[in-house]
1. Can you work out the FRET efficiency for the pair residue B:91 and residue A:515, with r the C-beta to C-beta distance and R0 = 41 Å, to the nearest 0.05?
2. Go ahead and run the numbers for FRET between residue A:347 and residue A:252, Cβ-Cβ distance against an R0 of 22 Å, rounding to 0.05.
3. Sort B:88, B:97 so the one with the fewest other Cβ atoms within 10 Å of its own Cβ comes first.
4. Roughly what would the spin-label model give for residue A:260 and residue A:508, points 7 Å off Cα along C-beta, in nm?
5. Evaluate E = 1/(1 + (r/R0)^6) for residue A:281 and residue B:25, where r is the Cβ-Cβ distance and R0 equals 51 Å; express this FRET efficiency to the nearest 0.05.
6. Could you pull out which residues in the range A:202-240 have an amide N less than 15 Å from a spot 7 Å beyond the Cα of residue A:138, following the Cα-Cβ vector?
7. Per-residue mean of other chain beta-carbon atoms within 10 angstrom of the beta-carbon, peptide B:34-47?
8. With the crude spin-label approximation of a point 7 Å out along Cα→Cβ, what separation in nm comes out for residue A:453 versus residue A:162?
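What follows is calculated from the coordinates using simple rules that are stated; it is not laboratory data. Keep in mind that this is a model prediction, so the values were computed, not measured. For neighbour counting, all protein chains shown are included, and Cβ atoms are generated from backbone atoms with ideal geometry for every residue, glycine included.
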């Protein structure tokens, strides 16, 4: 059972000594989510293979067992093959409480940024206000030039606020394993900047109680200018630099070999990983583990017809020698399993096409049974026989019955039955009827496996592991390979640079397009 | 150097592809000009060409190889080749059913200094009639 595998993995890890609390917290956070899935709603969760029906451990598994299960099983929440002992359990619960502020690692960066931003916005206003408050009477009066500076200051602050809101105040959609280097750099820069301004201000203005107010206002205005330039730098570093394509990433799914090519700009490995995953959810067809393997009948036939007898005492040298001999002999022997594979595949294909034809016909016929009710029809039809007016849901249920069997058989033939429950089919039918779709549009969802995004429910996060030989904050380079792992498959990403293009020009005079007939050629010898 | 065309080769009757032709054998010595060996005439025609545009052929569906131009004073003129001649054979190779490029290749082989052509022309018929004198041809 899938539950057992995850829990046994967890217990194995928890009994190790903790080298780094942070790593373990992260692992714990991710593994514990399974139990506390209801409490922490939208964090990254480790879930089982995306296609299979999600089995919530707390939801009553007892429904499909018999009533006697309580007498024979002793553990309440999720058993593991190597059962966890009592002290492990208490340690786990203690850690759970200790690591309760799990959110802080995710929010620490935005919160820091927000604080810094707030301080830097308030600073110019403080620069202006403090002299007024503290030594108002000794200040030089400052007329029109100051007012001009006030206006420009106000507008620049407004622009700063609006662009910060537009660019940076967005909920992040991914948590990265390491710090985002550019963002940290910029935060440090802003902090240094504001701190040095405050230092200068404290030493030169507050202490000697500077009376030249115009100078102070000019100083505040220069701070706002500099903040705008830092924001420009942030825009370029965080947003624009990776827009111009520089590398081509080849993404291959290890389970079934589906591959795509994408063009990206200069990114770090972790950012590239997030970007690839965004594209993965909408480009790659959903991973269907049922579609993968050759039927066993073909594979095992090869093994069974070659017998090896062990006539003497077995030691390691002999056994490896034997197995090598066996493999070599099997390779030399004529192998006919490709024949069976070919015929079986042709047979499956034929059966699939037949079922698909039946499905299409059934759906088309079902759709002819209903018609959209126009309001101006009622005066003519009501005296004869009142037609029952239904809402989309009832209409969907009414026409689902004749096509249900054909649909089920087709889904079984393509091994998609786990992705589409009856409820989801009726919902989709209702959706299609409401939007006046044709039967073909209704069937588009079932005839081809859609992208993974179509089958996700959005309230849970997705857990991926980035595996890389180089530090993940390193920038992309030619020839790098990293992979994004899930529980049962991985995406292997290979980085290739886009070729350097030399574009030359050639001018063609439109009058130079002239032709002669060449059918009678003359060659001199 | 070139040979005089032998007079007794004028008006020979040869049979090629079930038809009688009056044909003539001509031997041309190739002239060396720099790196190339040239013969001094141009050919046209071939099975991959359009026969309707051949000005020298009587039958406009004839896809044979015809002489379309002769360099004055060149080896071909000296050997007796005339414009409008249809080349039937080159060194024994048949030229009645070849592409234009194949014909060119047969004529421009680098290892051969001499090409012996079997040609036919309209005016040969007249020449035979005249030389046979009073013997009318049925």
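1. 0.65
2. Efficiency, from the Cβ-Cβ distance: 0.15.
3. Starting with the residue having the fewest Cβ neighbours, the order is B:97, B:88.
4. With each label point 7 Å from Cα toward Cβ, the separation is 3.7 nm.
5. Computed FRET efficiency for residue A:281 and residue B:25 comes out at 0.05.
6. Only A:203-213 pass the distance filter.
7. Details: counts 0, 0, 1, 1, 2, 2, 2, 2, 5, 5, 4, 3, 3, 0.
Average neighbour count from other chains, rounded to a whole number: 2.
8. Result: 3.0 nm between the two label points.
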